[in-house]
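Notes follow the structure.
The values are calculated or read from the model by the stated rules, or taken from the named source; none is laboratory data. Bear in mind that the values here come from a model prediction, so they are computed numbers and not experimental data. Cβ: placed from backbone, ideal geometry, glycine included. Neighbour counts: every protein chain shown.
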Amino acid sequence: MPSIRVLTGITTSGTPHLGNYVGAIRPAIAASRTSGVESFYFLADYHALIKIDEPARIQRSTLEIAATWIAAGLDPERVTFYRQSDIPEIPELTWFLTCVCGKGLLNRAHAYKASVDKNNAANLDPDADVTAGLFMYPVLMAADILMFNAHRVPVGRDQIQHIEMARDMAASFNHRYGEHFVLPEADIEETVATLPGLDGRKMSKSYDNTIPLFAPREQLKKLIAGIKTDSRAPGEPKDTEGSALFQIYQAFATPDETVALRQAYADGIAWAEAKQVLFERIDHEIAPMRETYEALMRHPERLEDLLRAGAAKARAIATPFTAKLRHAVGLRDLRAQDGGKQAKAAKVALPSFKQYRESDGQFYFKFVDAQGRLLLQSAGYASPKDAGQAIRALQQDAGALAGLQLAPAEGASREDIAHALQLLRDAA
């Protein structure tokens, strides 16, 4: 079985455009083919309900996005590809996590704080138009991740907080009920490609400047013809720097093709000719996928079958795991009473690591015993991954304490730490 699980959530709002393809879809599909990785991709339709209250739009977007990912090369036989709302265990886990998540943690969520700040600036009630769905969004996202004990979650820097919150909820649950969850790590996408839109600004639905990924061929040609350029005439040298047309071409072309167009710019290629070159290059890559996409859109039952098969694969993991969690919290068959010692042992807390981020931007962890006494406080790390590696080193060998240059907390000894780490290993 693959050693690493990677989970990717796909929003189901709007029609995918070229920027989505270059920045997210294409690299994610390439990553799904990596050996030694078990990949999970889900359509986050529960999340879409937070922003969209048009049922037909939710349904249409789910259809378009599922068709897009399959047409772009996602192999449902190789990965687990499912619709979030087809996994009833997700809302149940959301409730379990809600019961161990402090309200203060949710108060600090960026999306909620941004809404409150906007209301305060407008002299409105701080929670005006803020739904409980928006407030609880981080808990649902944590349930998405923790249900499958994902080791890594690819996110941009603006999403790191959600992974940190998922880790916090997992650690809180583990502390109360025993070690059930892996603490996920953010797989930070430092080099996410962004494309300019028709007007030169970042391609975004918000700017109404997008080129739909699977626009019909003639529409694609017309949209590319409308890309903003300067007024230089044919024969005049043109700059590639700041040229939206060139930047889009570069995202689809080979290195040799890019060099050739750069030279054509220097030689004074006409804008109409450059746009034709761009159209032909994009259409060369997109046309085979467009054909598959259009076939899937004509036969939504094929996508429904794929998603249901993916849900069955996902539930083969989620159903027994949820049964284990239900037992851990005490939701048990009354006919199968545990002996007093077993019931008491099931509730015994274990030592635990708690990882968090401070206002200085650094990542820290602390190690506490079963009673919550601080045994070890780390120094700051540049990333959650670095902090996680230090934690794993300690979990594997208490002797790593010296190599990590960490000292016991006041009132604790190395023997206390070694004993607590051994308890964790014994319980694993």
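Observations on the model:
- For region 402-428, the candidate set comprises residues that are assigned to a helix (DSSP H, G or I) and charged (D, E, K, R); within that set, the residue that is surrounded by the most Cβ atoms within 10 Å (Cβ to Cβ) is Asp416.
- Region 347-364 - residue that is farther than 22 Å from His110 by Cβ and of a type in the set (A, V, I, L, M, F, W, C) and, of those, nearest to the chain's Cα centre (by Cα): Phe353
- Selection status of Phe246, at pLDDT 95 or above, in contact with a Ser or Thr (Cβ under 7 Å, 6 or more places away or on another chain) and either under 21 Å from Leu223 (Cβ atoms) or outside any helix (DSSP H, G or I) (or both): yes
- Of the helices (runs of 4 or more DSSP H) entirely within region 1-87, those holding at least 1 residues that are within 15 Å of the chain's Cα centre (by Cα) occupy 26-31, 45-51.
- Qualifying residue in region 264-271 (condition: out of contact with any helix residue (DSSP H, G or I) (no Cβ under 8 Å at 6 or more places or on another chain), exposed (fewer than 13 other Cβ atoms within 10 Å of the Cβ) and under 30 Å from Ile65 (Cα atoms)): no
- In region 124-158, residue surrounded by the fewest Cβ atoms within 10 Å (Cβ to Cβ) [restricted to those that are within 17 Å of Leu105 (Cβ to Cβ) and of a type in the set (Val, Ile, Thr)]: Val130
- The residues in region 216-242 that are surrounded by 19 or more Cβ atoms within 10 Å (Cβ to Cβ) and either over 21 Å from Thr194 (Cβ atoms) or at pLDDT below 95 (or both) can be counted, and the count is 1.
- For region 249-263, a residue qualifies if it is part of a helix (DSSP H, G or I) and free of Cβ contacts under 8 Å to residues at least 12 places away in the same chain, and the qualifying residues are Gln250, Pro255, Asp256, Thr258, Val259, Ala260, Gln263.
- Pairs where the first residue, in region 327-345, is assigned by TED's automatic domain parsing to the domain that holds His180 and modelled with pLDDT under 50 and the second is of a type in the set (Ser, Thr, Tyr) and surrounded by fewer than 10 Cβ atoms within 10 Å (Cβ to Cβ), C-beta under 9 Å, 6+ apart: none
- Once region 163-188 is narrowed to residues that are surrounded by fewer than 23 Cβ atoms within 10 Å (Cβ to Cβ) and within 10 Å of the chain's Cα centre (by Cα), the residue that is modelled with the highest pLDDT is Asp187.
- Index of the failed condition, Lys222 passing every other in (1) out of contact with any helix residue (DSSP H, G or I) (no Cβ under 9 Å at 6 or more places or on another chain); (2) in contact (Cβ under 8 Å) with a residue 12 or more places away in the chain: (2)
- Residue match in region 131-148 (condition: in contact with a Gly (Cβ under 9 Å, 6 or more places away or on another chain) and more than 30 Å from Thr34 (Cβ to Cβ)): no
- Restricting region 162-208 to residues that are polar (S, T, N, Q) and without any contact (Cβ under 8 Å) to a residue 60 or more places away in the chain, the residue that is farthest from Leu325 (Cα to Cα): Ser206
- Taking the criterion of being in contact with a Gly (Cβ under 7 Å, 6 or more places away or on another chain) and over 16 Å from Phe40 (Cα atoms), the only residue of region 55-94 that qualifies is Ser61.
- Long-range neighbours under 7 Å by Cβ, at least six apart or interchain, first residue in contact (Cβ under 8 Å) with a residue 40 or more places away in the chain within region 406-420, second assigned to a helix (DSSP H, G or I) and not charged (D, E, K, R): Ile417/Leu401
- Number of the condition not met by Pro154 [criteria: (1) modelled with pLDDT of 95 or more; (2) touching an Asp or Glu at 6+ places or on another chain (Cβ under 7 Å)]: (1)
- Listed here are the helices (runs of 4 or more DSSP H) enclosed by region 116-231 that have at least 1 residues being acidic (Asp, Glu) and farther than 30 Å from Ala387 by Cβ: 217-225.
Yes/no matrix, rows are residues, columns are (1) outside the structural domain of Gly23 (by TED's automatic domain parsing); (2) over 23 Å from Ala24 (Cβ atoms); (3) of a type in the set (A, V, I, L, M, F, W, C):
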residue	(1), (2), (3)
Gln247	yes, no, no
Phe252	yes, no, yes
Ala266	yes, yes, yes
Glu273	yes, yes, no
Met289	yes, no, yes
